[in-house]
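Below is one structure, written out as structure tokens, with a few remarks after it.
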């Protein structure tokens, strides 16, 4: 059941990314919600789940971009996998972890995006302006990360119906 909730959250995040956040630009940039979602999943469930989430969210987001199909998917998946591997030894309770991971992953994912895009021949990727956009977007990612991490924690809770609930015939 959690897989379906995560799939719905991925679709919702991409819709919000392309429909709402273009109107909420700060300094001309928008956050990479799919990347932050993938990082939150990688932090909670491990690198493989984060990479799959990043690939799915990035591929859906790529459908709305003028860059080559799969560029965001690859950057999100690589970044989420790396965060999942590196965060396996982190404490889970500090409140500063989501913004830190969101900002660091936004920076790493943005650099991966422009690096891979430059190698693929996308014009304008290896410029100072692109680096400034990546840095500003990483700050925006850090701002939205606590909300996205909260959403992932919310959908990760066990179902009320399956966790020791009672039915007419007794405990399930």
A careful count of residues in segment 109-124 that are touching a residue at least 12 places away in the same chain (Cβ under 8 Å) and either under 22 Å from residue 45 (Cβ atoms) or surrounded by 14 or more Cβ atoms within 10 Å (Cβ to Cβ) (or both) gives 9
Hey, any hits in segment 18-28 for a residue that's out of contact with any strand residue (DSSP E or B) (no Cβ under 7 Å at 6 or more places or on another chain), closer than 16 Å to residue 144 by Cα, surrounded by 17 or more Cβ atoms within 10 Å (Cβ to Cβ) and touching a residue at least 40 places away in the same chain (Cβ under 8 Å)? no
Residue pairs within 9 Å by beta carbon, gap of at least six or interchain, first lying in segment 65-77 and free of Cβ contacts under 8 Å to residues at least 60 places away in the same chain, second part of a loop (DSSP other than H, G, I, E, B) and surrounded by fewer than 14 Cβ atoms within 10 Å (Cβ to Cβ), listed first then second, are 67/120; 68/120; 68/121; 69/63; 71/65; 71/120; 72/65
Counting residues that are within 12 Å of residue 149 (Cα to Cα) and at pLDDT 95 or above, which helices (runs of 4 or more DSSP H) fully inside segment 29-111 reach at least 2? 33-45
Go through (1) touching a helix residue (DSSP H, G or I) at 6+ places or on another chain (Cβ under 9 Å); (2) without any contact (Cβ under 8 Å) to a residue 60 or more places away in the chain; (3) farther than 26 Å from residue 132 by Cβ; (4) loosely packed, with under 15 Cβ neighbours inside 10 Å one by one and return the number of the condition residue 55 breaks. (4)
Kindly list the number of the only condition in (1) over 13 Å from the mean Cα position of the chain (by Cα); (2) without any contact (Cβ under 8 Å) to a residue 40 or more places away in the chain; (3) within 14 Å of residue 109 (Cβ to Cβ) that fails for residue 81. (1)
How many residues does segment 125-139 contain that are more than 16 Å from residue 75 (Cβ to Cβ) and touching a helix residue (DSSP H, G or I) at 6+ places or on another chain (Cβ under 9 Å)? 2
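The values are calculated or read from the model by the stated rules, or taken from the named source; none is laboratory data. Remember, it's a predicted structure, so these values are computed and weren't measured experimentally. In this analysis, Cβ positions are derived from the backbone assuming ideal geometry, glycine residues included, and neighbour counts consider all displayed protein chains.
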